[in-house]
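Engineer: Take this structure, written in structure tokens, and hold onto it; I'll ask about it next.
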Amino acid sequence: MRRLLAILLPALLLITACGGSSTPAAEPTSQSSGDVSKLDSVKVTDNGDDKAPGLEFSKPLTVTEPTVKVVSEGDGARVKAGQTAELVYLAVDGNDGKTVEDAYTNGPQPIELTDELKTGNAVIYNAIVGAKIGSHVAFAAPGNASGSTPASTQLVVFKLISAKDPAPVLEKPEGETVTPPAGLPTVKDDDKGIPQISVEGATAPKELIAQDLIKGSGAAVKATDTLTVNYVGVNLVGGTKFDSSFDRGQTASFALSGVIKGWTQGLEGKTVGSRVLLVIPQDLAYGAAGQGEAKGDLVFVVDILGVK
């Protein structure tokens, strides 16, 4: 998705500024937008999901506003709002048809059809939601002129490969219980099922420890994921609790790339459904100064309930 956004960014900024004028249908079908007649000449020859399609169109192709249209309809199910669609794409110069980027070599890329996308980029959202799997969607964006150099329209044709519903968020960890090695902080649930951490007998970690207490069978966490978790954190020295989503009665969601290094490094590769004990040296936490009541080496129990 990041590579696609890099190609479409100038146009997406225009879309954000002017918004989408289409009114969503009760049962959505893909909605065209802009000067769609300019895309009537676009012809696609499908070469499968792993090879860029043949592409023909009247040159030069010029548009004055972001324009999108399904130019070849697939025969699969219609994509639904809230799903994650996977797509591959080919970007070419509208003047001469030369390839700007062939993303088929990188494999399918996901795009989440969320309310956030609908609000920020309604044209793209409305074009994909309701389109059939296997469809080729053409997106043309006016180029940015540089001095006296004429601006080239950029044409991106993407193929919808698949669409799937988001994985459900678990209520609690689910999986195989794991017996941790001796010498680590210990964890027991209280009568409400909330994990309680004891640091008695635990020593300062020489390196990050990420120990499964329950090994879930769900998807593996990627560094780019946003996680939904329940967690509790205590100081290794003294065992003072400084934070707990359990106490707030509400799960927490965050980008794994935006938290302390001990979480980022310790949770990457773990699986949904897992309960993970993290013993984090202070240099991978909040440093010698700490943050609030969180000081020095830290201990967390993290229940990984969902990723997206």
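The values are calculated or read from the model by the stated rules, or taken from the named source; none is laboratory data. Keep in mind the model is a prediction, meaning the values are calculated, not measured. Using ideal geometry, Cβ is built from the backbone for each residue, glycine included, and neighbour counts are taken over all protein chains shown. Surface accessibility is based on the protein's heavy atoms, side chains included, excluding ligands, DNA and RNA. Shrake-Rupley method; radii C 1.70, N 1.55, O 1.52, S 1.80 Å.
Engineer: Projecting each Cα onto the charge dipole of the chain (Lys/Arg +1, Asp/Glu -1 at the beta carbon, about the Cα centre), which of LEU298, TYR104, ALA141 comes out farthest on the positive side?
Structural biologist: Going by the Cα projections, it comes out as ALA141.
Engineer: Another one. With the other protein chains left in place, how much accessible area per residue, in square angstrom, belongs to the range 27-159 at a 1.4 angstrom probe?
Structural biologist: Details: 6120 Å² over 133 residues.
For the range 27-159, the per-residue accessible area is 46 Å².
Engineer: Apply 1/(1 + (r/R0)^6) to the Cβ-Cβ distance of VAL178 and GLU112, taking R0 = 35 Å, and write down the FRET efficiency to the nearest 0.05.
Structural biologist: Working: r = 32 Å, r/R0 = 0.91.
Efficiency for this residue pair is about 0.65.
Engineer: For every other residue with a beta carbon closer than 12 angstrom to the beta carbon of PRO53, add +1 if it is Lys or Arg and -1 if Asp or Glu, then tell me the sum.
Structural biologist: Summing Lys and Arg as +1 and Asp and Glu as -1 gives -2.
Engineer: Sticking with this one: With every protein chain kept in place and ligands, DNA and RNA left out, what is the accessible area per residue of the range 192-257? Probe 1.4 Å, answer in Å².
Structural biologist: The answer is 53 Å² per residue.
Engineer: Is the shape of the chain best called rounded, prolate or oblate, per the rule: a/c under 1.5 gives rounded, else a/b larger than b/c gives prolate, else oblate, with a ≥ b ≥ c the square roots of the Cα gyration tensor eigenvalues?
Structural biologist: Prolate.
Engineer: How high is the relative contact order of the range 201-308, in percent, counting Cα pairs under 8 Å that sit 6 or more residues apart?
Structural biologist: Computed value for the range 201-308: 39 percent relative contact order.
Engineer: Counting only C-alpha contacts under 8 Å and six or more residues apart, can you give the relative contact order of the chain as a whole percent?
Structural biologist: Once normalised by length, the contact order is 16 percent.
Engineer: Roughly how tilted is helix 2-18, in degrees to the nearest 10 and between 0 and 90, from the longest Cα axis of the chain?
Structural biologist: 70 degrees
Engineer: Would you kindly work out the equivalent ellipsoid of the range 122-278 from its C-alpha gyration tensor and give its semi-axes, the square roots of five times the eigenvalues, largest first in whole Å? Walk me through the numbers before you get to the answer.
Structural biologist: Values: eigenvalues 408, 78, 40 Å².
Calculated on Cα positions only, the semi-axes equal 45, 20, 14 Å.
Engineer: While we're looking at this one, here's another question. Could you list, in their original order, any pairs among LYS192/LYS270; LYS43/LYS164; LYS51/LYS308; LYS80/LYS172; LYS164/LYS206 whose Cα atoms are separated by more than 32 Å?
Structural biologist: Violating the 32 Å Cα-Cα cut-off are LYS164/LYS206.
Engineer: Based solely on its DSSP helices, what 222 nm [θ] is calculated for the chain when runs of n ≥ 4 H residues each add -39,500 (n - 2.57) and the sum is averaged over all residues, nearest 500 deg cm²/dmol?
Structural biologist: Rounded to the nearest 500, the figure is -3500 deg cm²/dmol.
Engineer: Can I ask one more? Determine the gain in length on full extension of the stretch THR45-VAL259; use 0.36 nm per residue of separation and subtract their C-alpha separation, reporting nm with one decimal.
Structural biologist: On the way: separation 214, 0.36 × 214 = 77.04 nm, distance 4.52 nm.
This chain segment gains 72.5 nm when fully extended.
Engineer: Of all accessible surface on the chain at a 1.4 Å probe, what whole percent is carbon and sulfur?
Structural biologist: Values: 7620 of 15670 Å².
On the chain, the fraction of accessible area on carbon and sulfur atoms equals 49 percent.
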